[in-house]
Amino acid sequence: MSAAPGRPRQARTEGEGPPVSPIRLGCIADDFTGATDLANNLVRAGMRVVQTIGVPAGPLAADVDVVVVALKSRTIPATEAVAQSLEALAWLQAHGAQQIYFKYCSTFDSTAAGNIGPVTEALMDALDSDFTIATPAFPDNKRTVFKGYLFVGDVLLDESGMQNHPLTPMTDPNLVRVLQAQTKRKVGLIDHTVVARGANAVRGRIAELRADGVGIAIVDAVSNDDLLRLGPALAAMPLVTAGSGVAIGLPANFDIAPSLQASALPAPGRLQAVVSGSCSLATNRQVQDFIRTGRPTLAVDPMRIASGIDVAAEALAWAAPLLADGPVLIYSTADAGAVKSVQGRLGVEEAGALVERTIAAIARGLVQLGVRQLVVAGGETSGACVQALGVTQMQIGPQIDPGVPWCHAQAEAAGGAGVHIALKSGNFGADDFFTKAFGVLA
Ligand code: ADP
């Protein structure tokens, strides 16, 4: 590591903007909602975080402790994932990062070709590091690692449904074996008996593994206490690789403790809206819950979009006179039967793309109408909306429900003004999420 954590911060000036201090922790996430999940954990542990969509082209919008670069590198070819990750690394190092965190999914989503192994190896080479850890453990989300085996809730990874994942089927729950198949470096294990004895025991075990030629160690963790005990042992490690769980134990290494200031965002503008393109069970319940509040709602019909009607323009004309009176909801959310029927008529991809484009155009139009508090439901839908709004960086604010924080972003669609955005992936959030979200900002 180039400098010890916790060193005094020196102001530096970047471009024409205000002085920006060097960041402490630099994170590279292999997908967008995973990046937000990590950022949310770091903010709750007291760090100020900006998440960027890809490697930033311009200066940072805020003075922060952490930048999380969100890539879309989980399932692209390994060589491309490596190239993008190295580009992110170079940017983070140039902005002062003292430690690098490579974030992947808590179900270790990967194939025998990668990309967790190849990206880890490339980052280690670039950082001249001979040892790192790997653990997707996230006990808050029921992802635990025991004896190197990954559990999802009460079952092993390969019984959790992940064995049938269309892109990254996980058929072996033993992470030492899974990672070993992806890397030339020797993979070892730091098991729970070591972690239970605390940071010194972990340091001792790392020395043993290193002497044995091990370059990457899977680490057991079955509780947040395990992750907090692990944290201090990672202080001098140039690279940490993990799901979002390990993040809770790192801020203390930088003398940072949980505080409300970490999640402070600028005051929000008044107009509020929700757009939903998610058809997950939780989102269906959330839409029904919002309808029951009696607030204005409008359903978007994919077949009308397919027939050439400008459904986005219709929705915006409907919303415009209502916005001054409180939040509105525009949704394509439908139950499994309705979605299947639409997909049968339009094709799965065509249906998805048509609806995503329409919801994104509606989100953009709403912001142009003055909406400054926007909730978006759906992972893919969120990606489309963020792109349509012209957002490249988001400062992470207070959590609404586990894994979903409010964010603040300069949006090109708002003429560069700040917009508060909450991006909720499918099954996240309580039934009253849409109402609750605006309550958190109030
Ligand atoms: P989630 O996070 O719940 O998986 P996503 O936004 O990632 O939500 O995915 C939902 C997909 O379903 C998107 O591609 C979206 O455009 C599509 N979709 C939304 N509503 C409908 C609908 N009524 N019929 C068919 N497809 C739809």
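Before moving on, here are some points about what is shown:
- Only protein heavy atoms count here; on that basis, with a 1.4 Å probe, Cys279 has an accessible area of about 60 Å².
- Only the Cβ atoms of Lys and Arg (+1) and of Asp and Glu (-1) were treated as charged; on that basis the dipole of the chain about its Cα centre amounts to roughly 580 debye.
- Kirkwood hydrodynamic radius of the chain, from inverse mean 1/r over distinct Cα pairs, in Å: 22.5 Å
- Axis of helix 78-94 versus longest Cα principal axis of the chain: the two differ by about 80°, to the nearest ten degrees.
- Segment 25-259: antiparallel DSSP beta bridges as a percent of all, rounded to 5: 25 percent
- Degrees between helix 336-346 axis and first principal axis of the chain (Cα, 0 to 90, nearest 10): 80 degrees
- Length available on full extension from Glu208 to Thr293: 0.36 nm per residue minus the Cα-Cα distance, which gives 24.6 nm.
- At a probe radius of 1.4 angstrom, the accessible area of the chain per residue rounds to 39 square angstrom.
- Rounded to the nearest 5, the antiparallel percentage of DSSP beta bridges internal to segment 265-441 is 35%.
- Among 218-229, 200-211, the peptide with the highest mean count of other Cβ atoms within 10 Å heads the list, and the full ranking is 218-229, 200-211.
- Cα-projected label distance for Glu412 with Lys186, points at 7 Å along beta-carbon direction, nm: 5.1 nm
- Helix-only [θ]222 nm of the chain, DSSP H runs n ≥ 4, -39500 (n - 2.57) each, per residue, nearest 500: -10500 deg cm²/dmol
- Most simply put, the chain has about 35% antiparallel DSSP beta bridges, counting only bridges with both residues inside it.
- R0 of 41 Å, Cβ-Cβ distance Val155-Asp130: FRET efficiency to nearest 0.05: 0.70
- Put a dot 7 Å past the Cα of Arg177, heading toward its Cβ, do the same for Glu349, and the two dots end up 3.4 nm apart.
- Simple label model, 7 Å out from Cα along Cβ direction - Gln387 to Phe146, nm: 4.2 nm
- Ranking Gly213, Ile23, Thr107 by Cα position along the charge dipole of the chain, where only Lys, Arg, Asp and Glu carry charges on their C-beta atoms, puts Ile23 farthest toward the positive end.
- Rounded to the nearest 10 degrees, the inclination of helix 348-368 to the longest alpha-carbon principal axis of the chain is 80 degrees.
- Shown here for segment 91-191: chymotrypsin sites (Phe, Trp or Tyr not before Pro) in loop regions (DSSP other than H, G, I, E, B) with at most 15 other Cβ atoms within 10 Å, of which there are none.
- Taken as Cα centroids, segment 347-407 and segment 217-259 sit 31 Å apart, rounded to the nearest whole angstrom.
- In segment 265-441 the Cα-Cα distances spread across 10 Å bins starting at 0 as 10, 42, 37, 10, 0 percent of all pairs.
The values are calculated or read from the model by the stated rules, or taken from the named source; none is laboratory data. This one's a predicted model, so the numbers in the text were calculated from it and none came from an experiment. Using ideal geometry, Cβ is built from the backbone for each residue, glycine included, and neighbour counts are taken over all protein chains shown. Calculation scope for accessible area: heavy atoms of the full protein, side chains included, ligands and nucleic acids excluded. Shrake-Rupley method; radii C 1.70, N 1.55, O 1.52, S 1.80 Å.
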